[in-house]
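Following: one structure in structure tokens, then a few remarks.
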Amino acid sequence: MVPADQEPVRRHRAFSLVVVGMSVAVWWPAFTLGAWGDLFFDQQLLVWVAATAGFFVVLLRPRALGRRWPTLLALAVPSLWLVLWLVDDSGTDDLFTALVTLLGVFVGLLGIPFTLWALVRVIWPEMRTDLPARTRFGALLIVVAIAVASFVLGLNQSRFLTCQDFDLSGNSRPPGCVSVDPTPTPTP
């Protein structure tokens, strides 16, 4: 049991962990969406892995801990998206394929925020009682602001990064990256 005088410290520590963790989780996907106009497969599968692990954590927890079905449904969204991705055969032009593709994009875009929220509730179930609504909303605003800033940085990567930076980091070059000409070495 945490002493009463330490309770605000514990709550702030948990709040900080959630905000930093969610911010770290959203910055790179937002940046790549800005720089390349796409989410990379490893980011999409990382969301699936985290959601699937969270799904099993919720599935296996005691029923006495509260409602499970809304959280289980939110955590199942990335798996549904993955199944739709596997069903999609972009090489055909039929209506079913177009609808499956559209549903997959919709599920993917809508699913990421719900998945993050569900994961936070799995990791910190007392968040609703530990933090006032204003503080929870503030945490959400911080994460959204970092995601938007990361997206804008991705759109403007050519202003502060070079093609060589992407090469060195092992990433492909995004459209519009700026190549720096190597300085010629003097000949003796």
The range 173-182, subset open to solvent by 70 Å² or more (accessible area, probe 1.4 Å) and in contact (Cβ under 8 Å) with a residue 12 or more places away in the chain, residue farthest from G154 (Cα to Cα): V180
All positions within the range 118-156 that are of a type in the set (S, T, N, Q) and either open to solvent by 70 Å² or more (accessible area, probe 1.4 Å) or under 20 Å from the mean Cα position of the chain (by Cα) (or both): T129, S150
Conditions (1) assigned to a loop (DSSP other than H, G, I, E, B); (2) modelled with pLDDT of 95 or more: number failed by N171: (2)
Qualifying positions in the range 3-25 - open to solvent by less than 40 Å² (accessible area, probe 1.4 Å), at pLDDT 85 or above and among the aliphatic types (A, V, I, L, M): V19
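Test F41 against the criterion of being of a type outside the set (A, V, I, L, M), open to solvent by 60 Å² or more (accessible area, probe 1.4 Å) and more than 17 Å from R121 (Cα to Cα), and give yes or no.
For F41, the condition - of a type outside the set (A, V, I, L, M), open to solvent by 60 Å² or more (accessible area, probe 1.4 Å) and more than 17 Å from R121 (Cα to Cα) - is met.
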Test result for L59, within 22 Å of R121 (Cα to Cα), without any contact (Cβ under 8 Å) to a residue 40 or more places away in the chain and open to solvent by 60 Å² or more (accessible area, probe 1.4 Å): yes
Condition check for A147: part of a helix (DSSP H, G or I), at pLDDT below 80 and touching a helix residue (DSSP H, G or I) at 6+ places or on another chain (Cβ under 6 Å): no
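The values are calculated or read from the model by the stated rules, or taken from the named source; none is laboratory data. As the structure is a prediction and not an experimental result, all values here were calculated from the model. Cβ atoms come from the backbone with ideal geometry, glycine included; neighbour counts cover every protein chain shown. The protein model used for the area step is the full one, side chains on, heavy atoms only, and it has no ligands, DNA or RNA in it. Shrake-Rupley method; radii C 1.70, N 1.55, O 1.52, S 1.80 Å.
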